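Okay, structure first, notes after.
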Amino acid sequence: MAPPLATAARPLRVAVVGAGPSGFYTAAALLARKDLAVSIDLVDRLPTPYGLVRYGVAPDHPKIKEVVRVFERLALDPRVRYLGNVEYGRDLGLDDLRRYYDQAVFAVGGQSDRRLGVPGEDLEGSHSSTAFVAWYSRHPDFLDLPVDLGGEAAAVVGVGNVAVDVARVLARDPGELARTDISDDALAALSASRIRDVHVLSRRGPVQAKCSPPELKELVELSGVDLVVDPTELELDPGSRAELADDVQAQKNLEILRACAERGLTGAPRRIHLRFLVSPVEIAGEGGRVRAIRVERNRLEPGRDGLAARGTGVFETLAAGLVVRAVGYRSLPLPDLPFDERRAIVPNQAGRVVDPGTGARLPGLYVAGWVKRGPTGLIGSNKPDGAETAAAMLADLPGTVPAAEPEAAAVDRLLAARGVRRVDFADWQRLDRLEVARGAASGRPRVKLGPIAEMLAALDAGDLEPVPAGEAQPKRPVM
Ligand SMILES: Cc1cc2nc3c(=O)[nH]c(=O)nc-3n(C[C@H](O)[C@H](O)[C@H](O)COP(=O)(O)OP(=O)(O)OC[C@H]3O[C@@H](n4cnc5c(N)ncnc54)[C@H](O)[C@@H]3O)c2cc1C
Ligand SMILES: NC(=O)c1ccc[n+]([C@@H]2O[C@H](COP(=O)([O-])OP(=O)(O)OC[C@H]3O[C@@H](n4cnc5c(N)ncnc54)[C@H](OP(=O)(O)O)[C@@H]3O)[C@@H](O)[C@H]2O)c1
């Protein structure tokens, strides 16, 4: 009789697809069970781990990226292997995962963006925040995004933390960005930028702003920038006053905004205009390029999920040579897995993938993070989320069908036969050192490698210092 799963004689083999925060936190929760033997392959389509911590968290927020030290320790656990540059749907399919792993968790985040659904959305110069952020973070898929900062004004749609990041990066003194790990191309473009006015457009009122108070305060304190707030847009309707009463974040935001409106302008060379109760109705162009954004003034009315914006028929046109639509990320369907198009998640119950039609479970398949619950939440929110998924996986152990070929070497043979150049964690550590060394030469925390081919060439050239097996990097700038 075969030994039971998750015992020393037959460790549980798990594939975690996606090495972002949710993948790492799910792995951490599985590894925390010292009474069980677990062996995890962390698979990522990129050679580089850490998902949005590397390619999303703003370059001028280095402290937040220090969470990678926790993830690095996990990746160095002898029970974990990193399979970078391996993409689910390209290099490995569902049949492969079922053959080589007892359970698989999809933690692939949100790779795309929500649409605004207005005319002109696809004009040149109109970008989703998914693309724009990836561009300034030097994500391999967005190196050639045609970003033109030659106009004097830009519009950012949405007032979540991503919108605030984008507005800050657009308005910040490039001299300050030059000390970060921002992409060289973005730094050059921002240094030559002619943008003086950034309009941040919120469809609802200040009480409904999704951004958090520290991020809002940072905008107020940005050197060389005035945050412009129209006091009349801070006046609250009865519904907003009721919402405010038990929303501490909204109370703090409103206090910051009121103080800002009272303080007035200092005559700073650049301005961020925080506008409330306006919805884009059209992105207007000329010669195929964005020239302006037309907005409609809103009022708030009770809707299905709290107060909703309703157009008033009053319109305004703002000149803008760039529009960044920061209205949310969106997960994409994964080959051979069900997908809920409306919520843009893989349908699941507490992390267990289910058939949306019948509600029946798809045995052995799980989800975590943004593809499980939608594209909201801080890095830390993925910890309880991953723990919930891990708990479901372990609770399901008795009914789990063992994989036919659970040996780690079997999946390596398959990838080799398919010509996949797998990047392991020691490889990543060598790339990491190279980036940090390149940064040190120019007084920056790191200079990121861009194209995947460039990363693989650096590894295969053989002139990178080897990293002693299982050793954490010395204390160094992260990401
Ligand atoms: C612009 C931005 C800035 C943010 N800043 C902060 C911040 O300052 N502080 C904070 O607390 N939170 C921040 N967040 C939120 C935080 O980044 C998310 O909560 C978190 O990254 C979500 O984790 P995830 O693992 O679900 O997804 P992700 O981080 O997106 O990770 C998904 C991983 O899956 C991989 N992948 C995708 N498809 C495949 C495939 N087919 N095969 C293999 N691998 C695949 C990707 O390459 C990626 O590495 C920010 C989010 C954004 C968008
Ligand atoms: N520093 C940080 O801690 C940090 C930085 C970046 C991101 N994050 C986190 O990452 C997650 C994702 O952030 P996010 O900013 O992408 O999402 P978000 O917080 O959900 O904000 C999305 C914004 O877009 C607006 N919006 C949505 N659809 C719209 C439409 N059709 N027209 C106009 N506006 C529209 C929303 O307004 P409504 O409220 O009206 O829907 C909201 O203002 C969040 O949890 C965020 O906190 C954290």
Local electrostatic count, A178, Cβ distance below 12 Å [Lys/Arg +1, Asp/Glu -1]: -2
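Over the chain, what is the mean sequence separation of C-alpha contacts under 8 Å (at least six apart), divided by residue count, expressed as relative contact order in percent? The partial results should precede the final answer.
Working: 979 pairs, mean separation 106.1, N = 479.
Relative contact order of the chain: 22 percent.
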Computed lengthening from L36 to E235, 0.36 nm per intervening residue step minus Cα-Cα distance: 65.9 nm
Sites matching GluC sites (Glu not before Pro) across the stretch 146-216 that sit in DSSP coil, with at most 13 neighbouring C-beta atoms within 10 Å: E152
D144 paired with Q111, simple spin-label distance in nm, labels 7 Å along Cα-to-beta-carbon: 1.9 nm
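Tell me, what is the percent relative contact order of the stretch 1-89, built from C-alpha pairs under 8 Å that lie six or more residues apart? Please list the in-between numbers first.
Working: 124 pairs, mean separation 29.5, N = 89.
Worked out over the stretch 1-89, it gives 33 percent.
Provide the percentage of antiparallel DSSP beta bridges, counting only those with both residues in the chain; round to the nearest 5.
On the way: 28 of 70 bridges.
If I count the DSSP bridges inside the chain, around 40 percent turn out antiparallel.
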Extension reserve of the A453-L397 stretch, reckoned as 0.36 nm per residue once the Cα distance is removed: 16.2 nm
Theoretical FRET efficiency, 1/(1+(r/R0)^6), r = Cβ-Cβ of A440 and R342, R0 56 Å, to 0.05: 0.70
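Pulled fully out, how much extra length does the chain show between F315 and L332, if you take 0.36 nm times their separation in residues and subtract their Cα-Cα distance? Can you show the working numbers first?
Numbers: separation 17, 0.36 × 17 = 6.12 nm, distance 3.41 nm.
2.7 nm is the gain from fully extending F315 to L332.
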The stretch 40-127 shape via C-alpha gyration tensor axes, a/c threshold 1.5: oblate
The chain shape via C-alpha gyration tensor axes, a/c threshold 1.5: prolate
Label-point gap, in nm, between E262 and L94 - each point 7 angstrom along Cα→Cβ: 5.9 nm
Computed [θ] at 222 nm, deg cm²/dmol, the chain (DSSP H ≥ 4; -39,500 (n - 2.57); rounded to nearest 500): -9000 deg cm²/dmol
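Using a/c under 1.5 as the rounded threshold, could you call the stretch 289-331 rounded, prolate or oblate? The axes a ≥ b ≥ c are square roots of the C-alpha gyration tensor eigenvalues, and prolate needs a/b larger than b/c, oblate otherwise.
Working: a/c = 4.61, a/b = 1.33, b/c = 3.46.
Oblate, since a/c reaches 1.5 and b/c is not below a/b.
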FRET efficiency estimate (nearest 0.05) - Cβ-Cβ, A360 to E124, R0 56 angstrom: 0.75
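What percent do you get for the relative contact order of the stretch 271-356 when only Cα pairs under 8 Å and 6+ apart count? Provide the component values of the computation, followed by the final result.
Values: 120 pairs, mean separation 15.8, N = 86.
Relative contact order comes out at 18 percent.
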Residue-count net charge about R361 - beta-carbon cut-off 12 Å; Lys, Arg +1, Asp, Glu -1: -1
Per residue accessible area of the chain, 1.4 Å probe, in Å²: 42 Å²
Under 16 Å from the Cα of K63 - aspartates and glutamates, other chains or at least 8 residues apart: E72, D165, E176, D181, E215, E218
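Could you compute the net charge surrounding E407? Neighbours are other residues with a C-beta less than 13 Å from the C-beta of E407; K and R count +1, D and E count -1. Mind showing how you got there, number by number?
Numbers: positive: R10, R13, R81, R99, R413; negative: D41, D102, E405, D412.
That works out to +1.
Round to a whole number: what % of the accessible area of the chain belongs to carbon and sulfur, probe 1.4 Å?
Numbers: 10850 of 20040 Å².
The computed percentage sits at 54.
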Sequence ranges 325-338, 10-23, ranked by mean other-Cβ count within 10 angstrom, highest first: 10-23, 325-338
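The values are calculated or read from the model by the stated rules, or taken from the named source; none is laboratory data. Only a predicted model underlies this, so the values are computations on that prediction, with no experimental measurement involved. When we count neighbours, we look across all protein chains shown, and the Cβ atoms used for this are built from the backbone with ideal geometry, even at glycine. The protein model used for the area step is the full one, side chains on, heavy atoms only, and it has no ligands, DNA or RNA in it. Shrake-Rupley method; radii C 1.70, N 1.55, O 1.52, S 1.80 Å.
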